[in-house]
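The values are calculated or read from the model by the stated rules, or taken from the named source; none is laboratory data. Since the structure is predicted, the reported quantities are computational estimates derived from the model, not experimental observations. For neighbour counting, all protein chains shown are included, and Cβ atoms are generated from backbone atoms with ideal geometry for every residue, glycine included. When the accessible area is computed, the model is the full protein with side chains, heavy atoms only, and any ligands, DNA or RNA have been set aside. Shrake-Rupley method; radii C 1.70, N 1.55, O 1.52, S 1.80 Å.
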Amino acid sequence: GLGDVYKRQGMTMYTYVIPCLLGLEKLVSDECKRLGLQDVKAENGRVLCRGTLADCARLNINLRCGARVMLVLADFPARSFEELFQGTRAVAWEDYLPRDAAFPVKGYSISSQLHAVPACQSIIKKAMVERMKSAYHLEQFPETGAKYQVRFAIFKDQVLLTLDASGEGLFKRGYRAVGVEAPLRETLAAALVQLSRYRGRDPFCDPFCGSGTIPIEAALIARNRAPGLNRAFDAEQWGFVPGNSWQQAKDEARDREFHGSYDIWGGDVDPQAVAIARSNAHKAGVAEDIRFEVADMRTFHRDSPYGQLVTNPPYGQRLMEKQEAEELYREFGKVWRRLPEGWRTLVLSSHTEFERTFGQQAAKKRKLYNGMIKCDVFMYGNKV
């Protein structure tokens, strides 16, 4: 396999861990396999895979549904602070971090003896400093250079030490308007589009488009455009990652883009949301692929026999809003029933009574988490 090729060429293989929203593990592992990574393993809320340092760039630039890309440096058991210290100190930090590296430490601990996160943080930091002192013959580290964010995860007394290659989360594609609180993360919007099996052939509609996240992710998928082309990643500044791998990954991604014409539509009753959606689509480079309109969902209809309708309708938290939301779902259900049979529909909602108010049981349901909010994807249509 590829692993043997790498070995023959003397390329070192590394382990990457890609955390993701609960429920998206299968989609992320499929993405990793399509990118040619090895030993892809989906676990709860994360995917592990193996590849070369050049894959660091490829993963960051191409992943649609993963939360971030982390390079694993160590994996060891620790039930005491001493074991945590020694395990951390055993890592050859000087091979990765230059003497002026900024190396903040953060992480979490679940079901483990070492449960005090601040204490773990300072012990890891201390062990790194001890190791680097002897390597660099320095007493203190200026931390004025590039950022090497250290992340630790302690789960059932097993410690995973990683460097965060992404910096800002991968959902920050670089197109979202500043100051707009999007309730739907780009990574989750991309997942919904993937789950609808949209490939750019049929019409694609979102009648509650808000600031346009779902139609924009649909356009990126239709064009096969890498979502990370317009942003920077922390690992671009890392000395040990080959500098040319970023440009290569970008060129490779651009070569794979399609240049077709697509029927993608987003509508919303709020003119301000639609204006923001248009501007976001423009920033994402897909403005010509999407038609955004100020439109009331109640007037929505399509004659095309096939299509994908993917949406995340507003959800009322307070009682009055809750009644309004249910009224909206009832109206939406009526509109949906007028659509031709060949439409596949996916609705993301955290409303427990969605199916009842929509007036139709879903053919299929999937649990997902948007941040900490438990949601369901309700799937309808004869092609689910």
Worksheet item: Which percent of the accessible area of the chain is formed by carbon and sulfur heavy atoms (probe 1.4 angstrom)?
Response: 50
Discussion item. What whole-number distance in Å separates the alpha-carbon centres of the stretch 27-41 and the stretch 42-58?
Written reply: 7
Practice prompt. Using only alpha carbon positions, build the gyration tensor of the stretch 232-274, then give the equivalent ellipsoid semi-axes as the square roots of 5 times its eigenvalues, largest first, whole angstrom.
Written response: 36, 19, 5
Response to the item:
Longest principal axis of the chain (C-alpha) makes with the long axis of helix 117-136 (C-alpha) an angle, in degrees to the nearest 10, of 50
Practice prompt. Give the cross-link partners of Lys147 among the lysines, using a straight C-alpha distance below 21 Å as the criterion and excluding same-chain residues fewer than 8 apart.
Written response: Lys106, Lys125, Lys126, Lys133, Lys172
Item to complete: Just check the stretch 173-226 against the gyration tensor rule for me: Cα atoms, a ≥ b ≥ c as the square roots of the eigenvalues, rounded for a/c under 1.5, and otherwise prolate or oblate depending on whether a/b exceeds b/c.
Response: prolate
Discussion item. Please report the accessible area of Glu168 (heavy atoms, 1.4 Å probe, ligands and nucleic acids excluded) in Å², nearest 10.
Written reply: 110
Worksheet entry | Rg [Å, one decimal], Dmax [Å, integer] - the chain, C-alpha atoms | 23.1, 74
Worksheet entry | Estimated [θ] at 222 nm from DSSP helical runs (n ≥ 4, -39500 (n - 2.57)) normalised by residues in the chain, nearest 500 | -10000 deg cm²/dmol
Worksheet item: So what does Glu326 come to for accessible area, using a 1.4 Å probe and Å² rounded to 10?
Response: 40
Worksheet entry | Sorted largest first, extent of the stretch 180-299 alpha carbons per principal axis (Å) | 55, 31, 24
Worksheet item: Quick one: net charge of Gly174's neighbours, Cβ under 12 Å, K/R +1, D/E -1?
Response: +3
Worksheet entry | Net charge of Cβ neighbours under 11 Å - reference Met70; Lys, Arg +1; Asp, Glu -1 | +1
Worksheet item: With every protein chain in place, what's the accessible area of Trp93 (1.4 Å probe, Å², nearest 10)?
Response: 0
Worksheet entry | Loop-exposed trypsin sites (Lys or Arg not before Pro) per DSSP, neighbour cap 10 Cβ within 10 angstrom, longest uninterrupted part of the chain | 157-317
Worksheet, complete the sentence: Rg from C-alpha atoms of the stretch 297-353, normalised by the globular rule of thumb 2.2 N^0.38 Å, equals 1.21
Worksheet item: Over all directions, what mean area does the Cα convex hull of the stretch 286-384 project, stated in square nanometres?
Response: 7.4
Response to the item:
Percent antiparallel among DSSP beta bridges confined to the chain, nearest 5, equals 60
Discussion item. Could you give the length gained by full extension between Glu43 and Ala295, i.e. 0.36 nm per residue of separation minus their alpha carbon distance, to one decimal place?
Written reply: 86.6 nm
